[in-house]
Structures are given as C-alpha cells and as structure tokens.
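Let me begin by presenting the structure, written as structure tokens, before commenting on it.
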Amino acid sequence: MPSVSGFDLSETDRLLTTTRAVRKRLDLTRPVDRDVVLECLGLATQAPTGGNRQPWRWLVIDDPETRAGLAELYRRSFGPYMDQQRAAVAAAGGDPENAIIGSSQYLADHLGEVPVLVVPCLLQRVEGMSPAELAGFYGSILPAVWSFMLALRTRGLGSAYTTLHLAYEKEAAALLGVPDTVTQVALIPVAHTSGAFKPADRKPVEDVVYWNGWGKR
C-alpha cells in the first residue's frame, strides 16, 4: 500500500513490527559478509545526530579470539544480572525460566560463536554530564544503532541490543584498543537468522500514550 510519501507502508510496517531482538535464532554456522555489514553501517550513518557532528566510531569484530574475549566479559556480567532478573520474575509470580530469560541465557552461552560483534562508540566520555547532556549524548548514536539493526533485518540478518559487557568496559577497551576518551555504547551480535518473525505482544497503544499531560487520555 503506497503512501503519499512514496513508501510501501505494508513493507515498512512489517519491517518495523518484526525487527526483534534475535538470540536463539542467530545462525552460528553461517559466515557474515563484511561488505553486507559495511553496507548496513553506511545506511546507519545517515541517521540524525546532534549538530550533524557524527561523533561515532563502529568497531566490527569478526576475529574468533577477540569475540571470545568479549563473550567472556559479557558472561561475567550476565550471571549476577540474570540472577536478579529471575528473582524479580519469581517475586512477581512469573516463570523464572520463561522464554525471554531462556533466550538471553542462550546468547550468553554462545556469544563468542556469533560471526560478527559490533560495538558502537562515541568520541567522548560521559563522566560529569547532566541528565540533559546524557540524553543528547546517547541521542547522537542510538538512532543510528536502530537504523543499523533495521538494515540488517532487510538483508536476512538478526541482531540484539546488549549492554552487559559495559560492566567491564575498561577490560573490553584494553582488549579492543579503545582509547580512554571514548565511550562504548553497546555490543550488537550479528548473524544470519532462521525462522520467521512476527509482531511482539505489546500493550494497546491507548494504554501507554497520554495527551497534553501525564495520565491524560
């Protein structure tokens, strides 16, 4: 269904509603072409950024030993974090071994086997920033990160936005040679995918949108 903008809304909407955080369905056996990653990153860098400064660098890691080192840092952080998550879910009466927790565990167990890991970085440190400055700081790269994930999706690749390795950011920086003036933003596993994806179960939009003031519907 074309729109007045010329986009096919059905395809655009399908892309936006089926780009999932992919963990268990990442194909750990199929290589990812560097040219495809570069193509997706080229599209990502068209995203808006504060003052058009483009204060980013993108670390692409496909070396097995380096991937394994990052995966070990991720797992070191994952264990305590997931213990807290399981406890919180159980306290709320849920299943502490639900599908999301299971897929998160799978990714932690196999992260080093994912063909490509991407670490988006910002060319500044966050220490001493006010809440407004922090919002602008991360706002200068997060739209590009999401564009990257959408571009991957259109090419049959999956990804997930993860941040747990940042508990050991200094160790990761030493592994990757990142200067101490740079902030790592995330760790994005990239691989071909298996299976089909569908829209997620979400609350009705009317339940989460207010008009002209908090709580006003």
Worksheet item: Out of segment 20-59, which residues are surrounded by 12 or more Cβ atoms within 10 Å (Cβ to Cβ) and hydroxyl-bearing (Ser, Thr, Tyr)?
Response: THR45, THR49
Discussion item. Of everything in segment 60-74, what is crowded, with 18+ Cβ neighbours inside 10 Å and either closer than 26 Å to ASP33 by Cβ or not aliphatic (A, V, I, L, M) (or both)? Give them in sequence order.
Written reply: ILE61, ARG67, GLY69, LEU70, ALA71, TYR74
Discussion item. Given the condition closer than 18 Å to ALA186 by Cα and touching a Cys at 6+ places or on another chain (Cβ under 8 Å), answer yes or no: does some residue in segment 59-67 qualify?
Written reply: yes
Worksheet item: Among the residues of segment 178-205 satisfying the criterion of being farther than 23 Å from ALA144 by Cα and without any contact (Cβ under 8 Å) to a residue 24 or more places away in the chain, which is surrounded by the fewest Cβ atoms within 10 Å (Cβ to Cβ)?
Response: ASP201
Worksheet item: Taking segment 146-159, which residues are crowded, with 21+ Cβ neighbours inside 10 Å and hydrophobic (A, V, I, L, M, F, W, C)?
Response: PHE148, MET149, ALA151, LEU152, LEU157
Practice prompt. Would you please list the contacts, defined by Cβ atoms under 6 Å and residues six or more apart or on different chains, that run from a residue in segment 59-87 that is closer than 12 Å to SER104 by Cβ to a residue that is of a type outside the set (Gly, Ala, Ser) and surrounded by fewer than 17 Cβ atoms within 10 Å (Cβ to Cβ)?
Written response: ARG86/PRO96
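Bear in mind these aren't lab numbers, they're just calculated from the coordinates by the rules spelled out. Remember, predicted model here, so these are calculated numbers, not experimental data. Every residue, glycine among them, receives a Cβ derived from its backbone with ideal geometry; neighbour counts consider all protein chains shown.
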